[in-house]
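A short worksheet on the structure shown next.
The values are calculated or read from the model by the stated rules, or taken from the named source; none is laboratory data. Fair warning: this is a prediction, and the values are worked out from it, not measured in the lab. Quick reminder, even Gly has a Cβ in these numbers, built from the backbone with ideal geometry, and neighbours come from all protein chains shown.
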Amino acid sequence: MREFARRVVRRLGRLLLGDPFWRLHAAIAREYLRGRGIEVGALHNPVPIPRGVRVSYVDRMSKPDLLTHYPDLPARRLVEVDIIDDGERLTTVADASQDFVIVNHFLEHTQDPIGALGTFFRVLRPGGVLYLSLPDKRYTFDASRPVTPLAHLWADHEHGPARSRRAHYEEFVAAAEGLTDPAAIRDRADHYLRHDYSIHFHVWTQAEMVGLLLAVRDRYGFDFELVRKHGHEVIFVLRKHGAEEMGRSRIAA
Ligand SMILES: C[S@@+](CC[C@H](N)C(=O)[O-])C[C@H]1O[C@@H](n2cnc3c(N)ncnc32)[C@H](O)[C@@H]1O
């Protein structure tokens, strides 16, 4: 009876105040998002956008194709995709054109995270904000996978990610689906490869996420505005250097 009452109170609270998980995202969005920007890979979990702020949704597929790719997701929960593009390259988005870029639970799906981060900062205007959240592997189905070393990310960036693609699929199926037989792992990986299934190519805990961002901070020119552990994820807000800071770093170089 007491448990029933607790459940009713929880549900009422959610109805009146919103989902607690999204309350923090909504508060961060209110503080940092201004103007107009894009969210890449929002799928069924778009960040709550404050009033007066405009967002376009980018994905690699149209909404009907996403529904085929993710048959368990109810259609009503998926955002309408405004721009079909590869979020790692954003070739249809002009340089310095966005006030913000949101990438939640997307960077781990990229094959070249260092290149993808470069893309996000390319399309941000000086002073624009990258709103990035990532799952911490310790709390997900990736728990048994080894952390992706920074050297691997640099190799994927410099030599192209194709060389490590199959190994990522095999590691993913073994961990996420608990397969142990090498032939079964190969078959399942083949299946995902054929369908170009979007997996977690690379995985991190909080420390290596910070390590990756520090490793590219000077290359892309940004400051940390916020780092927040939030349940199974870590949320980062990074601000691209303004014209003044960019001028200063050019002089220093
Ligand atoms: C795990 S979902 C993230 C959903 C949501 N942002 C969240 O926080 O739960 C990953 C999304 O990224 C999209 N995606 C994966 N690779 C992509 C790429 N190269 N370009 C654009 N979108 C991509 C997928 O189609 C999917 O919508």
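Spot the failing condition for GLY127; the list is (1) in contact (Cβ under 8 Å) with a residue 60 or more places away in the chain; (2) assigned to a helix (DSSP H, G or I); (3) away from the ligand (no atom under 16 Å from the Cβ); (4) among the small types (Gly, Ala, Ser), and only one is missed.
(2)
Are there strands (runs of 3 or more DSSP E) fully within the stretch 19-111 with at least 2 residues that are more than 12 Å from the ligand (Cβ to nearest atom) and free of Cβ contacts under 8 Å to residues at least 60 places away in the same chain? List them. Reasoning before the result, please.
Numbers: elements: 36-40, 54-59, 98-104.
Correct list: 54-59.
Would you confirm, using the coordinates I've provided, whether PHE120 is closer than 23 Å to HIS241 by Cα and either within 12 Å of the ligand (Cβ to nearest atom) or within 16 Å of the chain's Cα centre (by Cα) (or both)?
yes
Hey, could you check the stretch 112-154 for residues that are of a type in the set (Val, Ile, Thr) and within 22 Å of TRP22 (Cα to Cα) and say which is modelled with the highest pLDDT?
It comes out as VAL129.
Quick grid of which residues meet (1) at pLDDT 95 or above; (2) of a type in the set (Phe, Trp, Tyr); (3) within 16 Å of the chain's Cα centre (by Cα); (4) surrounded by 14 or more Cβ atoms within 10 Å (Cβ to Cβ):
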| site | (1), (2), (3), (4) |
| --- | --- |
| ILE38 | yes, no, yes, yes |
| ALA42 | yes, no, yes, yes |
| PRO46 | yes, no, yes, yes |
| ARG60 | yes, no, yes, yes |
| LYS63 | yes, no, no, yes |
| HIS69 | no, no, no, yes |
| ARG76 | no, no, no, no |
